[in-house]
Amino acid sequence: MLSGEILQPFELAALDAINARPQPAAFAYRAQAVPFRAARSAVQYSVVFQVPMQNLSYRENKETAKLRSHVSLMALIKDADGQVAAKVSRDLANDIPADKFDAFTQGDLTFAQPLLLPPGRYTLETAVVDRENAAASVKRAALTVSDQPGIGLSEIVPVRRVDPFDVPRDGGRNPTDPLHFAGGKITPSLDAVFRAATEIPLYMVIYPIPMGGEPRISIEVLQNGKLVSSASPELPPSDATGAIPFMSTIEPAPGQYEIKVTARQGSSSASRMIALRVQ
C-alpha cells in the first residue's frame, strides 16, 4: 500500500525501483512536471514522461511478426515531510509490426497526465521500468509550487507534434488537460533539440484576469543574452475556461537559444524562459 492506497502489480515494480539503493539508471529517459494554471489553492501541472524507444528491450513473436515493448511509469510527488501528495502511473504495452520496427524505435514513448498541487515544496520522484528485461531507471528533482497573482502564464512547451482528437478512442478534448486545446493534443518535446531549417512550434497558455483588459504577449529569441528576434502576436479570444491556449513558431539558425515569453495585462505581467538547441 501507498498512503492507504492499494497499488496495482505494475506500480509495485515501479515503487521498488524508486526505493532501491543505489538509484537504478539502466537507460536514459526524461520526465518533467510542467506548470500551467496557478491559483491560491492549487497549481495545475502536467507530468510528462518521454522514453526513447531505442533504449527499451523487445520480445519477438514470430507467429504474429510483431515485437512487443512493455514499460511501467510512475511519478510520486512528495511533500516536505516525505509524504506522497500525488501519484501518476501508467502501464503501457505496444505491439510493433516487424516491418515498422526500425522507424518505431527512432521515436519516443510519451505519456502526460494533469494534476493539481497546493503551493509548497516537493520532490518529484519518477521511475520507468522495462518489463521485458526488468531494467529500471529513476530520477529525483526538487519541485517548488507557487501561486501566480495577476495574469497567468504556463511554461513554454516546445512541441513534438499535434494530434487530432479521436473521439471514439479517447473521448475527444479533455477540458481538464492543459495539453488539449482546440487544435488537438500536444505532445511536448522535453529534450528541446530541433533540426535546422524547420519551424519550431511553441505552445503556451495565457490566463487573463477576468475583466482586466486585453492581454498581450511578446516572444523574444535570445542568444548569449542578446536579442535575435522578437514578436508580439495577436491572441485569440479566451476559451470556455477563461484560458487562452496559443501556438507560435520560430525558425532560428543553428545554435543555443533562450526563448522568453512575457504576458501583460494592464499593470500585471508574467514571464517564462526556456533554453533550446537548433542543430
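Taking the numbered list (1) farther than 30 Å from A253 by Cβ; (2) free of Cβ contacts under 8 Å to residues at least 60 places away in the same chain in turn, I186 passes all entries but (1). From the list Y45, Y29, Y122, the one residue that fits, being under 21 Å from L143 (Cα atoms), touching a helix residue (DSSP H, G or I) at 6+ places or on another chain (Cβ under 9 Å) and among the aromatic types (F, W, Y), is Y29.
Candidates L202, L227: the one that is modelled with pLDDT of 95 or more and either among the aromatic types (F, W, Y) or open to solvent by 30 Å² or more (accessible area, probe 1.4 Å) (or both) is L227. Residues satisfying the criterion are absent from the range 207-223 (criterion: open to solvent by less than 40 Å² (accessible area, probe 1.4 Å), in a loop (DSSP other than H, G, I, E, B) and of a type in the set (S, T, N, Q)). Applying the condition of being within 30 Å of Y207 (Cα to Cα) and loosely packed, with under 15 Cβ neighbours inside 10 Å to the range 16-59 and asking which residue is modelled with the lowest pLDDT yields R40.
Number of residues in the range 3-15 that are closer than 12 Å to K87 by Cα and open to solvent by 30 Å² or more (accessible area, probe 1.4 Å) equals 2.
Do we find that R169 is among the charged types (D, E, K, R), assigned to a loop (DSSP other than H, G, I, E, B) and free of Cβ contacts under 8 Å to residues at least 40 places away in the same chain in this structure? Give the derivation first.
Numbers: among the charged types (D, E, K, R): yes; assigned to a loop (DSSP other than H, G, I, E, B): no; free of Cβ contacts under 8 Å to residues at least 40 places away in the same chain: yes.
Considered against the rule, which asks whether it is among the charged types (D, E, K, R), assigned to a loop (DSSP other than H, G, I, E, B) and free of Cβ contacts under 8 Å to residues at least 40 places away in the same chain, R169 comes out as no.
Q113 meets the conditions (1) crowded, with 19+ Cβ neighbours inside 10 Å; (2) under 16 Å from the mean Cα position of the chain (by Cα) in every case but one. The failed one is (1).
Within the set R169, R160, R131, R173, the sole residue that is surrounded by 19 or more Cβ atoms within 10 Å (Cβ to Cβ) and among the basic types (K, R) turns out to be R131. Looking across the range 238-272, just one residue is open to solvent by 60 Å² or more (accessible area, probe 1.4 Å), of a type in the set (G, A, S) and under 21 Å from the mean Cα position of the chain (by Cα), and that is S271.
The values are calculated or read from the model by the stated rules, or taken from the named source; none is laboratory data. For clarity, every value in this text was computed on a predicted model and none was experimentally measured. Backbone-built Cβ (ideal geometry, glycine too); neighbour counts: all protein chains shown. Side chains included, ligands, DNA and RNA excluded: accessible areas come from the protein's heavy atoms. Shrake-Rupley method; radii C 1.70, N 1.55, O 1.52, S 1.80 Å.
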